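Read through the structure below, which is laid out as structure tokens, and then see the notes.
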Amino acid sequence: MEEALQIVKAIQKGDIKPIYFLMGEEPYYIDKISDYLEENLLQEEEKGFNQMVLYGRDTSVDDIVSNAKRYPMMAPRQVIIIKEAQDLSRTIDKLEKYAENPQETTTLVFCYKYKKIDKRKKLYKLVSKNGVLFEGKKLYENQVAEWIQKTLKSRNYQISPKASQMLVEFLGTDLGKIDNELQKLQLISPVGSTITPELIEENIGISKDFNNFELRKALGQRDVVKAHRIINYFSQNPKDNPMIVTISLLYGFFSQILQYHGLVDKSKANVAKYLKVSPYFVSDYVLAAGNYPMKKASNAIALLRDADVKSKGVGAANIPQGDLLKELLVKLMA
């Protein structure tokens, strides 16, 4: 996020490079930087003759270089954006010669999504020297809640820890999807306000009471009644609450409990660091670790592995997933 902001700030100051090579597993910032360049490098009246968008599957590196060597018409520069540039991966090294001495009056923007060029290759070094090389790295799940908080803070909004966790569990690590939902919430929330679980439930359709976050909390507290209510809700809404996701998240939860038991320093800051969770949720793990000693936590992981196999039809053909979840819950609470 910080690197993307620095690129935009440099452009705003007039420090515009001849090549922007935007690559990596996370497409969100690739799109953001590309869109900013497309919208802001030229005036509207200059774009007709001096801005073009090409697609990797429909062009070649030779054609791109040929276009890049043209001079702009009645404008300080021309802008060429290559979307889906990863489709040129087999021939992208042909760009080396141009990258050695790029045309200063042309700005080439490559959107090289889900792939990256080898750091050892000449092209990587040339683009780094003569242009901007940006790698969008996929965030781990435990980093996304913090990203949500920072993104909203930059827009003068706040979000409660539980609300951000709900979004992560429902939308995963897809920053584009998450940002779309955040923008919807911003439209109906006054600037400076806090986004709450209730707001998310009403406008996105994620239940604030019946979700995997609340299930983990109920299991950690050994709250049998609450856990059964959530499992019953999951059974009645299997499409919105797939068993494979629930098992995966519970597996991660009990693995973290085992990690907690192995820590010598159990201070709040150290637990948050090693379990990769917000300090706000550390007390939940402390309570869960008290209810699940190491032996019980290890047994829970074994039960989850067995449930995962059964959910895929092995040894439990034609058994509804809701029944498998109920059986799993009974065993975990035993």
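The values are calculated or read from the model by the stated rules, or taken from the named source; none is laboratory data. All of these numbers come straight from a predicted model, not from anything done at the bench. Because the Cβ atoms are built from the backbone with ideal geometry, glycine has one as well, and the counts that use them run over all protein chains shown. We work out accessible area using only protein heavy atoms, side chains counted, and drop any ligands, DNA or RNA first. Shrake-Rupley method; radii C 1.70, N 1.55, O 1.52, S 1.80 Å.
Tabulated data
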{"item": "Nearest-20 debye value, the stretch 193-334 charge dipole, Cβ charges on Lys, Arg, Asp, Glu", "result": "520"}
{"item": "Length gained when the stretch LYS138-LYS153 is fully extended (0.36 nm per residue, less Cα-Cα span)", "result": "3.3 nm"}
{"item": "Spin-label model distance (nm) - ILE204 vs VAL309, 7 Å beyond Cα toward Cβ", "result": "3.6"}
{"item": "Environment charge of ILE16, counting only residues whose C-beta is closer than 10 Å and scoring Lys/Arg +1, Asp/Glu -1", "result": "+1"}
{"item": "Rg over Rh [alpha-carbon atoms, Kirkwood Rh] for the stretch 199-265", "result": "1.04"}
{"item": "D (Stokes-Einstein, µm²/s), Kirkwood Cα radius, the stretch 254-334, 0.692 mPa s at 37 °C", "result": "235"}
{"item": "Label point distance in nm, LYS115-ASP284, each placed 7 Å from Cα along Cα→Cβ", "result": "4.0"}
{"item": "Alpha carbon convex hull of the stretch 23-74, volume per residue in cubic angstrom", "result": "95"}
{"item": "Tilt relative to the chain, helix 141-154 - C-alpha long axis, 0 to 90 degrees, to 10", "result": "60"}
{"item": "All-pairs alpha carbon distance profile, the stretch 271-317, 5 Å steps from 0, percent", "result": "5, 19, 16, 16, 17, 13, 9, 5, 1"}
{"item": "√(5λ) per eigenvalue of the Cα gyration tensor, the stretch 188-334, largest first, Å", "result": "26, 24, 12"}
{"item": "Interatomic Cα distance distribution for the stretch 1-146, bins of 5 angstrom, percent", "result": "2, 10, 20, 24, 22, 13, 6, 2, 1, 0"}
{"item": "Nearest-ten-degree value, helix 321-333 long axis tilted from longest Cα axis of the chain", "result": "60"}
{"item": "Percent breakdown of C-alpha pair distances by 10 Å bin, ordered from the shortest bin, for the stretch 96-179", "result": "15, 34, 20, 23, 9, 0"}
{"item": "Estimated translational D of the chain in µm²/s (Stokes, Kirkwood radius over Cα pairs; 25 °C; 0.890 mPa s)", "result": "106"}
{"item": "Surface per residue (accessible, 1.4 Å probe) for the stretch 184-281, Å²", "result": "52"}
{"item": "Folded to 0 to 90 degrees: helix 294-311 orientation relative to the chain principal axis, Cα", "result": "70"}
{"item": "Whole-angstrom gap from the stretch 186-207 to the stretch 224-255, using each part's C-alpha centre", "result": "23"}
{"item": "Average accessible area per residue (Å²) across the stretch 27-71 - probe 1.4 Å, nucleic acids and ligands excluded", "result": "57"}
{"item": "Under 21 Å from the Cα of LYS266 - lysines, other chains or at least 8 residues apart", "result": "LYS217, LYS276, LYS295, LYS296"}
{"item": "Heavy-atom accessible surface of the chain: percent carbon and sulfur, 1.4 Å", "result": "51"}
{"item": "Nearest-20 debye value, the stretch 294-334 charge dipole, Cβ charges on Lys, Arg, Asp, Glu", "result": "160"}
{"item": "Partner aspartates and glutamates for LYS273 [C-alpha distance under 17 Å; skip if fewer than 8 residues away on the same chain]", "result": "GLU141, GLU146, ASP265, ASP284"}
{"item": "Reachable aspartates and glutamates, given that their alpha-carbon falls under 16 Å from the alpha-carbon of LYS125 and they are not under 8 places away in the same chain", "result": "ASP93, GLU96, GLU100, GLU135"}
